[in-house]
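Note sheet for the following structure.
The values are calculated or read from the model by the stated rules, or taken from the named source; none is laboratory data. Bear in mind the structure is a predicted one, so any value in this text is a computation, not a measurement. Counting neighbours? That spans all protein chains shown, and the Cβs are built from the backbone with ideal geometry, glycine included. These area figures cover heavy atoms from the full protein model, side chains too; ligands, DNA and RNA do not enter into them. Shrake-Rupley method; radii C 1.70, N 1.55, O 1.52, S 1.80 Å.
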Amino acid sequence: MRLLLACLLALLPLISHAEDLGTLSTNEVDPNFLPNPFGTGNPSDPNSVTNELGRYGNPYSPSSATNFEAITAPRLPDQEGNDRGRLSMNQYDPDSVSNPYGRYGNLYSPDSLNNQFGAGNPYRSDSPTNPYGSGWRIEGR
C-alpha cells in the first residue's frame, strides 16, 4: 500500500492540467472564437494567445503560439480528443501546424489543418476552416 501511494505521489508532478485557451475556428458565433476580443481572444487576458505580454502570445515565450522557436506551444486536440499538433509558428517543430513537411502542417497529410481534403476540410463539422463548425480547442500546459 505504501509503495502504491509513493508511486502515485511520484507521478503527480507529471500529470498536468490543460488550460482552455479558446477555439481555433472560423465560426464567429462561437463565444470561444479566438479573435473575439470579449472572450478568449481578449488581449488583456494573461492566458490569451492574442496577449503579446502573456505566456501564450509573447513572441519570446517558449510556450507562445507566435514564437518562431517555441518548444511547448499550445496543443490542438479535436472534438474527439485526437491530437492535431501544436499551434506554433515554428517551422522546424515536427508537431507544428506551420511545418510544411510535418504531419500537421503538410498540405497532403490527412491530419493537417492545411489539407482541404483532410482535417482542414471546410465541410467537416469539427474543422477549424468550417465557418459553421465547432473547430478545435487550444490547450495550454
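Numerical summary
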quantity	calculated
Single residue of Leu34, Leu24, Leu87 found to be within 25 Å of Tyr123 (Cβ to Cβ), modelled with pLDDT under 85 and under 14 Å from the mean Cα position of the chain (by Cα)	Leu34
Residue that is least open to solvent (accessible area, probe 1.4 Å), among those in region 66-109 that are touching a residue at least 40 places away in the same chain (Cβ under 8 Å) and aliphatic (A, V, I, L, M)	Leu76
Pick from region 1-21, criterion within 17 Å of the chain's Cα centre (by Cα) and open to solvent by 70 Å² or more (accessible area, probe 1.4 Å), ranking: modelled with the highest pLDDT	Asp20
Search result, residues across region 52-91 that are within 21 Å of Gly135 (Cα to Cα) and acidic (Asp, Glu)	Asp78, Glu80, Asp83
Subset of region 40-60 [more than 11 Å from Leu21 (Cβ to Cβ) and either small (Gly, Ala, Ser) or open to solvent by less than 30 Å² (accessible area, probe 1.4 Å) (or both)]	Ser44
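Residue-wise test of (1) over 17 Å from Arg141 (Cα atoms); (2) hydroxyl-bearing (Ser, Thr, Tyr).
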{"site": "Leu34", "(1), (2)": "yes, no"}
{"site": "Asn47", "(1), (2)": "no, no"}
{"site": "Ser63", "(1), (2)": "no, yes"}
{"site": "Arg75", "(1), (2)": "no, no"}
{"site": "Leu87", "(1), (2)": "no, no"}
